[in-house]
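Asker: Next up is a structure, given as structure tokens.
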Amino acid sequence: MSAIDDLLQDIFDGKRSTFSSEFEGWVRESRRFREFASSYRTKIRTKLKNAEGESGMKDLRAELETAALLLREKRFTLEYEKYAALKQRGPDLTVTFKTHTPFNVEVRRIRSIELDSEDSEAYIGKLMAVLCDKVGQMPPSIVNLLWLAAEQKIDEGDLTGAAAILRQLAERKAEVFFLQRGFKNAADFLKQFRQLSGVILHQPGENVIWLNSLARHKTPPEIVTAIQRLEIL
């Protein structure tokens with residue numbers, strides 16, 4: 001048995017999953033992803049065992065696909081769930097650019113059904129809910145990016161609109177709106193929203209990046225360009 005076969009056997013525990021063939025392809029075609037999978041084999045195996053149904057497995061697939069894609073950029077190195085190891089809530093991936101510039105990437109799979117609405121107001125409302133759900137995972141003092149792995153295309157203009165409405169609600173001090181979504185108040189939302197540097201819309205054939213004009217830590221242009229140029233899996 002080869003080292004790669006041994007790695008796959010160890011991670012999947014001899015069982016086939018809904019994306020084991022894809023994962024095997026990523027491991028065989030990329031030395032860097034193979035090293036990542038080897039370093040985190042125990043974590044990946046545990047997450048596979050604990051994934052709840054097909055939906056949970058697709059969420060895990062989105063995380064690992066994102067890691068495989070980011071590792072196509074040779075100037076990126078990755079840590080998987082660094083904050084969880086420190087017993088803190090935080091993004092899925094911590095990336096270091098050129099060995100000296102760290103940033104975080106939180107992966108969120110969006111099912112088609114979540115955005116399946118012909119009502120534009122309802123559609124924008126769902127994007128607002130995604131943003132509210134995720135800004136709380138963004139730690140201070142670092143660039144934080146939200147990676148949206150969508151099963152259907154999300155228009156950048158709709159995302160911009162959702163963010164603008166949230167900002168307007170916060171500036172108008174719509175306290176009840178934010179209390180209902182887990183924030184202490186509107187100011188608490190704005191504080192956490194400023195920790196979100198940008199959103200990556202990962203879609204068929206492209207990565208579109210929306211940058212948060214309110215972000216405390218701006219995404220360096222070199223990192224924006226590197227992500228936009230990543231070869232799509």
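Asker: Specify the residue that is surrounded by the most Cβ atoms within 10 Å (Cβ to Cβ); the eligible residues are those in the range 115-170 that are among the small types (Gly, Ala, Ser) and touching a Phe, Trp or Tyr at 6+ places or on another chain (Cβ under 7 Å). So that I can check it myself, show each step before the final result.
Answerer: Our first condition is that a residue be among the small types (Gly, Ala, Ser); within the range 115-170, this holds for 117, 120, 122, 125, 129, 136, 141, 149-150, 157, 161-164, 170.
Filter once more, so that each one left must be touching a Phe, Trp or Tyr at 6+ places or on another chain (Cβ under 7 Å): 117, 170.
On the way: Ser117: 13, Ala170: 22.
Taking the candidates together, the pick is Ala170.
Asker: Working carefully through the options Thr219, Thr225, find the one that is of a type outside the set (D, E, K, R) and exposed (fewer than 14 other Cβ atoms within 10 Å of the Cβ). Break it down into steps so the answer makes sense when it comes.
Answerer: Values: Thr219 fails: exposed (fewer than 14 other Cβ atoms within 10 Å of the Cβ).
The unique qualifying residue is Thr225.
Asker: Please report, ordered by residue number, the strands (runs of 3 or more DSSP E) entirely within the range 74-136 with at least 3 residues that are in contact (Cβ under 8 Å) with a residue 40 or more places away in the chain. Full working, then the answer.
Answerer: Numbers: elements: 76-80, 93-97, 101-110.
Correct list: 76-80, 101-110.
Asker: Which ones in the range 12-61 are touching a helix residue (DSSP H, G or I) at 6+ places or on another chain (Cβ under 7 Å), loosely packed, with under 14 Cβ neighbours inside 10 Å and closer than 22 Å to Ala149 by Cα?
Answerer: Selection gives Thr18 alone.
Laboratory data are not the source of any read-out in this text; all were calculated from the coordinates shown. Remember, predicted model here, so these are calculated numbers, not experimental data. Counting neighbours? That spans all protein chains shown, and the Cβs are built from the backbone with ideal geometry, glycine included.
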